[in-house]
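First the structure, in the form of structure tokens, and then the observations on it.
The values are calculated or read from the model by the stated rules, or taken from the named source; none is laboratory data. As the structure is a prediction and not an experimental result, all values here were calculated from the model. All Cβ positions, glycine included, derive from the backbone under ideal geometry; neighbour counts span all protein chains shown. Calculation scope for accessible area: heavy atoms of the full protein, side chains included, ligands and nucleic acids excluded. Shrake-Rupley method; radii C 1.70, N 1.55, O 1.52, S 1.80 Å.
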Amino acid sequence: MSLQIPYLESFNDVTMEQYEYKSMSTFLLQAIALLAILLFVFIRINMVFSLLFKKEWLVLGVTTCLLLFERLFRDRTSDTVLGIDVGYLPQIYFDFGKVAAGEMNYLFLTDSISFTTGMVALLGLVVVVEALLLVISKLISKQRFYS
């Protein structure tokens with residue numbers, strides 16, 4: 001017997017028939033995949049901020065603010081931020097357990113937050129952060145850290 005996790009498939013008519021079940025292994029694989037990408041992104045973002053700022057505490061503060069930025073616009077009535085659907089913003093996927101369980105769709109009352117949309121948004125963020133890191137590492141020389 002396998003453990004099943006209920007998740008809401010659609011918000012058209014919320015009844016018991018709208019709930020689907022996902023196996024625990026699928027849930028864990030989706031959560032681990034999102035976690036791995038997020039860890040990679042935060043390590044690279046820390047590298048970018050370490051190149052820009054010399055102080056470790058400043059890097060810690062900026063990345064903490066970046067991590068908690070999602071809490072600023074999280075509202076049950078808003079499904080867009082500055083005209084962009086929340087499903088395409090990578091900050092939504094920082095709470096990867098709620099995304100994999102489908103709870104984030106319920107919190108925002110939208111169908112646009114899914115595992116595949118999250119993978120696209122986070123992989124797009126990886127490309128942007130890697131390009132930013134490449135540009136900044138070419139601009140900042142080693143002499144800056146020795147002075």
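Can you name the residue in the stretch 43-63 that is open to solvent by less than 50 Å² (accessible area, probe 1.4 Å) and in contact (Cβ under 8 Å) with a residue 60 or more places away in the chain and is also nearest to Leu122 (Cα to Cα) among such residues? First the steps, then the outcome.
Kept after step one, since they are open to solvent by less than 50 Å² (accessible area, probe 1.4 Å), are these residues of the stretch 43-63: 45, 48-49, 51, 59, 61-63.
Filter once more, keeping what is in contact (Cβ under 8 Å) with a residue 60 or more places away in the chain: 45, 48, 51.
Working: Ile45: 13, Val48: 17, Leu51: 22 Å.
The selected residue is Ile45.
Residue by residue through the stretch 21-54, note down the ones that are of a type in the set (Gly, Ala, Ser) and over 16 Å from Cys65 (Cβ atoms).
Ser23, Ser25, Ala31, Ala33, Ala36
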